[in-house]
Amino acid sequence: MNTTSDNTFDTGDNAWMMTSTALVLLMTPALAFFYGGLVDHKNILNQLFLSFICMGIVFVQWVLFGFSFAFGPSVSSGFGSFEWSVLRFGEIYNPNYSPTYPLLTYCAYQGTFAVITPALISGAIVGRMKTIPYMLFIFIWTTVCYDPMAHWVWGDTGWLKSLGTLDFAGGTVVHILSGVSGFVASMIIGKRHDYSPHSTITKNLPFTILGTCLLWVGWTGFNAGSANAASGLAGLALINTHVAAAAGLLTWVIIDAIRGQISIAGACAGPVVGLVAITPACGFVQPGWAIFIGVVATCIVYGLILLKRYMRVDDTLDVAVVHGCGGIVGAFMTGLFSQKSMNEGGGADGAFYGRPIQLWYQIAGILTAIGFAAACTAGILLPLKWTIGIRLAKEDEIAGLDAIAHGVGLTEAPSPAVNDVTVQVVDEKNLNQEKPQHKDSFELQSTPTNPNSDVVTVRSASQNVLSKQSSQDHTDENTDQQAYFVKTDSALK
């Protein structure tokens, strides 16, 4: 035990909350990998950056005034204050937010939630938003949208909390806000130049699988840490979190198998849907209901993704469906299955346990989050669109943000068929030359069936193409070398 200012801190609770802070912080780079595996190669580094930069922008904002605005001494039921700006309170004792550990630890823990929430939005605007406007949007959105909503739902005097809305770990504050904001942002920015509602192409599924696994692990701190102590309630949230994720995974895989083919990207989406849906309920329901919530939410999201192609909105990585709709389903079902006996300190009985009014409290929270997120997102992006501009030019979008925004790109290897043809061309040319030359260039041309469309030519520099003959001539080099491309340039003819 530790004592500060005549108050006793529990070192076990403090250690658990610091561990949970690290786990939730891990979720932001995990999200970057999850999203990065689903985008075009020309945008993968930028997609990683869009999540990574939130760790810088949001945490600085959180320490300067964000935490005070969300959790500081309230000026009303709708707003915090700036009394705790720059965290001037030190290791103060606070019986409301951190009764057994320092308030600074609680601040760090909540800061990781603030970081990942705007990062989720980036999946809806892949490859078509300018970087600087995006960074401005993240800062402003966190200030005017996330911070007030966190105060309303979790703040000691927040009006939704006082009303009775239950949100154990962020189904409303994190997932509905980010899902709705992503949907509105995708409408304002517009579709990608090559948008196809039927496209299911994924580029780097190992990244996505890695991101999914890390998200699943990190969600332990996200949900169980929200118990605010190393307690039995944390154990309930822990088991509900993992069983809902497992139920989501199995449900998605079974539906895929019935339809004929198990999608790896879908198998990664399943547990995420289960995790999103159980987030608001994990500290209020029995584990059996957690399984049910995971199954139902996954079935609903699966169906919505099948129907999304008819909506004609380019929410690239389904942020609105997975996080927005998943959060709505979870928050609604919290009103059905919550039990006071599961959480004596902060829970309430739901409709299935004799208290149907709880369902209306949940609906009030859901509608508030939807309307507030939509208004804030439109209120930020539209002025940015009309002033400095937020949409990339078409030619920049074609080239990709890795090159345009960051000046870098990833090396791409050709398919085995292209590799074999390249080697054969080099070998045939070398037969008629005394000295092999390796400074040729090759072009792959796509001719569209529509005569009014552009012909796309991909030029591949072959200075590093090593033919079979030259490989044999250079005995000092590895004889197993194969042809590969180091640089690929795209152009329109």
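Read-outs: derived from the displayed coordinates by stated rules, not from any lab. Just so it is clear, the model here is predicted, and its values are computed rather than measured. Glycine also receives a Cβ, built like all others from the backbone with ideal geometry; neighbour counts cover every protein chain displayed.
List the residues, sorted by chain then number, that are 5 or more residues from Arg391 or on another chain and whose placed amide H is less than 5 Å from its amide H.
For Arg391, the qualifying residues are Lys130.
Starting from the Cα gyration tensor of segment 26-172, take the square roots of the eigenvalues, sort them a ≥ b ≥ c, and report rounded, prolate or oblate (rounded when a/c is under 1.5, otherwise prolate if a/b is larger than b/c, else oblate).
Details: a/c = 2.13, a/b = 1.98, b/c = 1.08.
Verdict is prolate for segment 26-172.
Using the Karplus equation 6.51 cos²θ - 1.76 cosθ + 1.60 (θ = phi - 60°), what ³J(HN,Hα) coupling, rounded to whole Hz, does each residue of segment 84-92 give in order, writing x for Gly and Pro?
9, 4, 6, 6, 7, 8, x, 8, 6
At 7 Å along Cα-to-Cβ for each site, give me the label-to-label distance between Arg312 and Ile254 in nm.
In this crude spin-label approximation the distance works out to 3.7 nm.
Would you please classify the overall shape of segment 246-328 from the alpha carbon gyration tensor, given that a ≥ b ≥ c denote the square roots of the eigenvalues, rounded means a/c under 1.5, and beyond that prolate means a/b larger than b/c while oblate covers the rest?
On the way: a/c = 2.33, a/b = 1.32, b/c = 1.76.
Note, shape of segment 246-328 comes out oblate.
Got a sec to turn the phi values of segment 45-56 into Karplus ³J(HN,Hα) couplings, 6.51 cos²θ - 1.76 cosθ + 1.60 with θ = phi - 60°, whole Hz, x for Gly and Pro?
So the J values, rounded to whole Hz, are 5, 5, 5, 4, 5, 4, 7, 4, 5, 4, 5, x.
For Asn94, what residues show an amide H to amide H distance below 5 Å, using hydrogens built from the backbone and excluding near sequence neighbours?
Leu103
Could you rank the peptides 251-260, 54-63 by their average count of other C-beta atoms within 10 Å per residue, with the highest value first?
In descending order of packing, they fall as 54-63, 251-260.
Which order do the peptides 335-341, 122-128, 272-278 come out in when sorted by mean C-beta neighbours inside 10 angstrom, highest first? Please report the intermediate quantities before stating the final value.
Working: 335-341: 20.3, 122-128: 25.4, 272-278: 32.0.
The packing order, highest mean first, is 272-278, 122-128, 335-341.
Past 28 Å, Cα to Cα, is the threshold; run Lys130/Lys308; Lys42/Lys385; Lys308/Lys340; Lys130/Lys161 against it and keep the listed order. Each step should come with its number before you reach the end.
On the way: Lys130/Lys308 25 Å; Lys42/Lys385 24 Å; Lys308/Lys340 37 Å; Lys130/Lys161 37 Å.
Checking Cα-Cα distances, Lys308/Lys340; Lys130/Lys161 exceed 28 Å.
Which of rounded, prolate, oblate describes segment 11-406, given a ≥ b ≥ c as roots of the alpha-carbon gyration tensor eigenvalues and a/c under 1.5 marking rounded, otherwise prolate only if a/b is larger than b/c?
Working: a/c = 1.65, a/b = 1.21, b/c = 1.36.
Since a/c reaches 1.5 but b/c is at least a/b, the shape of segment 11-406 is classed as oblate.
Please list, in order along segment 374-380, the HN-Hα scalar couplings obtained from phi with the Karplus expression 6.51 cos²θ - 1.76 cosθ + 1.60 (θ = phi - 60°), rounded to whole Hz, x for Gly and Pro.
These are the phi-based 3J(HN,Hα) values: 5, 5, 5, 5, 5, x, 8 Hz.
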